[in-house]
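Report on one structure; see the data block that follows.
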Amino acid sequence: MLHTRTTPAQRRRALRERLATGRLLAMPGAINPLSARLIQDTGFEAAYLSGAVLAADLGLPDIGLTTVTEIAARAQQTTRVTDLPVLIDADTGFGEPMNAARTVQLLEDAGLAGLHLEDQINPKRCGHLDGKGVVPRDEMTRRLRAAVDARRDPDFLLMARTDARTVEGLDAAIDRAKAYVDAGADAIFPESLTDLSEYEAFRKAVDVPLLANLTEFGKTPLLDTRTLQDLGYDIALYPVTLLRLAMGAVEDGLRTIAAEGTQQSLLPRMQPRSRLYELLDYQEYSAFDSAVFDFTLPPGS
């Protein structure tokens, strides 16, 4: 009730221990705090906050318009309600290396288990769009070293994302990943890999946990978890899946109401009131104050 039952330090340690098992970790992207609760309730072991989703939630494109304080506030709202470790997209660190250092500390304070920083130039863009640019490798390593120096909890996971595959080629992306590990990155997020051979090449070359970004409608094939496990990957990321599902359902619902003049035909597709109240732990609030949950749900709700 009201808050999680675990501390940020416990959740960071849980993520580290889970990654050390060698078993693939499926990580759906939350779209709000309630969806993070649902991710936990469904049995997943970690959740993600996508920069693209956080921007879209504000009605903005994913081109670096959000601020670090905006994403830290949203992250804190999410980590307050889930016992899962949460990884967040920290874009390019929101500025120079000193900004990246401040970003690390703000996101530590927000209760997150880790973040990833990318090597795109500003303004950044979705990793599966053409026209990206990447900063020089030395500039990104300075960004990472600043993040490492700023970290106060050694269990806070610092992941480096490289977008170099579609800009400089696979070999350059692998070379960058190795340099980022040398600079202190705990894990690597190779963006926009295009086939199994590229996944295999990264796994062979880089000896830290690797993330596979399974975003829809992009350059990367939607590999299943068995394939990723066999490839030796550590995280299967579904960053925008829930947003796409939710917005598709909202759009269909609005069109149905406009066409039919009622939401009656939509009821079978809705989460019922009883399930929502279960997720919100109304009963636990009632145990705290019996005046909170002193009603009976209508039939079929």
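The values are calculated or read from the model by the stated rules, or taken from the named source; none is laboratory data. These figures come from a predicted structure and were not determined experimentally. Neighbour counts are summed over all protein chains in view; Cβ atoms, including those assigned to glycine, are modelled from backbone coordinates with ideal geometry. Side chains are part of the model used for accessible areas, which takes the heavy atoms of the whole protein and leaves out ligands, DNA and RNA. Shrake-Rupley method; radii C 1.70, N 1.55, O 1.52, S 1.80 Å.
Looking at (1) outside any helix (DSSP H, G or I); (2) among the β-branched types (Val, Ile, Thr); (3) open to solvent by less than 20 Å² (accessible area, probe 1.4 Å); (4) in contact with a Pro (Cβ under 7 Å, 6 or more places away or on another chain), find the lone condition where residue 39 falls short. Answer for residue 39: the failing condition is (1).
Every condition in (1) within 30 Å of residue 279 (Cβ to Cβ); (2) among the acidic types (Asp, Glu); (3) buried (at least 20 other Cβ atoms within 10 Å of the Cβ) is met by residue 118 except one, and the failing one is (1).
Would you check if residue 267 is open to solvent by 50 Å² or more (accessible area, probe 1.4 Å), over 24 Å from residue 52 (Cα atoms) and modelled with pLDDT under 95? The answer is no for residue 267.
Residue 163 meets all of the listed conditions (1) buried (at least 16 other Cβ atoms within 10 Å of the Cβ); (2) free of Cβ contacts under 8 Å to residues at least 40 places away in the same chain but one, namely (2). Test of understanding: among 74, 102, which residue is within 29 Å of residue 6 (Cα to Cα), open to solvent by 70 Å² or more (accessible area, probe 1.4 Å) and either outside any helix (DSSP H, G or I) or not polar (S, T, N, Q) (or both)? Criteria check complete, one pass: 102. Counting just the residues of the range 217-250 that are modelled with pLDDT of 95 or more, under 20 Å from residue 30 (Cβ atoms) and not aliphatic (A, V, I, L, M), which one comes out most open to solvent (accessible area, probe 1.4 Å)? The qualifying residue most open to solvent (accessible area, probe 1.4 Å) is 244. Residue check: residue 192 meets all listed conditions (1) open to solvent by less than 10 Å² (accessible area, probe 1.4 Å); (2) assigned to a helix (DSSP H, G or I); (3) hydroxyl-bearing (Ser, Thr, Tyr) but one, namely (2).
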